[in-house]
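Notes follow the structure.
The values are calculated or read from the model by the stated rules, or taken from the named source; none is laboratory data. All values reported here derive from a predicted model rather than from experimental measurement. Every residue, glycine among them, receives a Cβ derived from its backbone with ideal geometry; neighbour counts consider all protein chains shown. Side chains included, ligands, DNA and RNA excluded: accessible areas come from the protein's heavy atoms. Shrake-Rupley method; radii C 1.70, N 1.55, O 1.52, S 1.80 Å.
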Amino acid sequence: MTNTTQPSPSRPGILVGLKAEAKLIRHVFPHAAIAASGATRTGAQREAARLASCGADCLLSFGLAAGLDPALPPGTLILPERVMAWGASYACDPTLRHILGAAQPGVLGNALLHSDTVVLDAAEKAHLFATSQCAALDMESGFLARAAEEAGLPFAVLRVVCDPASRSLPPVAGTVLSPDGGLNIKALLGSLLRHPGQISGLIGLGKDAGRARTAMLTLLEQQRTRPAFARFAG
């Protein structure tokens, strides 16, 4: 009898937005191909396509997300069943979702929305939630989902809410990232000198980002004790 069982994925290609996210996930997936989009549409599209063609046997979108559901506080973990992008729905692989911790308490499976642009305004988040009912939003997962579909690869998304739906972020938050996902210090200081009222908003964002990363690390450390995750992470 022919054995048609497919081997479990073991060579993930991982797309993140920022260098800090890449550094965090590298500790968990030391042998994975990891790429940062720089939180730009062009970067996300380019790096998703590159990961799909680099020999990975599955793709993963990882990092922070903007909250759309007003009920979700910073630190809420989302392993969505679907990614919504450009009017299409992309189903995440159930096996990958299980390996990454979808069954853990407090981990949501609600759909995630892709955006080609940075969304900073609370009113815009409310509109997107009303029209999509998605839990959160990011700028990488749509491109990763489309690249996975085109390459015939399974994919999954692990995101954590950073800025909640009710909070508008200062304009500087959308303009200070360098193309490789690092921080453009010159642009940051220049914007704060011109508009110092943004400082309190940045402090709040930093605190929320800390909560989000702690929640993500806690989940990953829990999963590392499980054989399926240990095999997947290498």
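Could you look through region 108-138, keep only residues that are closer than 15 Å to Phe62 by Cα and in contact with a Ser or Thr (Cβ under 6 Å, 6 or more places away or on another chain), and pick out the one that is surrounded by the most Cβ atoms within 10 Å (Cβ to Cβ)?
Selected residue: Leu112.
Go through region 10-19 and report how many residues are buried (at least 17 other Cβ atoms within 10 Å of the Cβ) and touching a helix residue (DSSP H, G or I) at 6+ places or on another chain (Cβ under 9 Å).
Keep residues of region 10-19 that are buried (at least 17 other Cβ atoms within 10 Å of the Cβ), which gives 12-18.
Among the residues that remain, those that are also touching a helix residue (DSSP H, G or I) at 6+ places or on another chain (Cβ under 9 Å) are: 12-17.
Qualifying residue count for the region: 6.
Name the pairs whose Cβ atoms lie under 8 Å apart, with the first residue in region 69-97 and basic (Lys, Arg), the second open to solvent by 40 Å² or more (accessible area, probe 1.4 Å), and 6 or more positions between them or separate chains?
So the pair list comes out as Arg82/Ser89; Arg82/Ala91; Arg97/Glu81.
Picking from Pro227, Pro154, Pro196, Pro164, which residue would you name as being of a type outside the set (Val, Ile, Thr) and modelled with pLDDT under 90? Write out each step before concluding.
Details: Pro227 fails: modelled with pLDDT under 90; Pro154 fails: modelled with pLDDT under 90; Pro164 fails: modelled with pLDDT under 90.
On inspection, the qualifying residue turns out to be Pro196.
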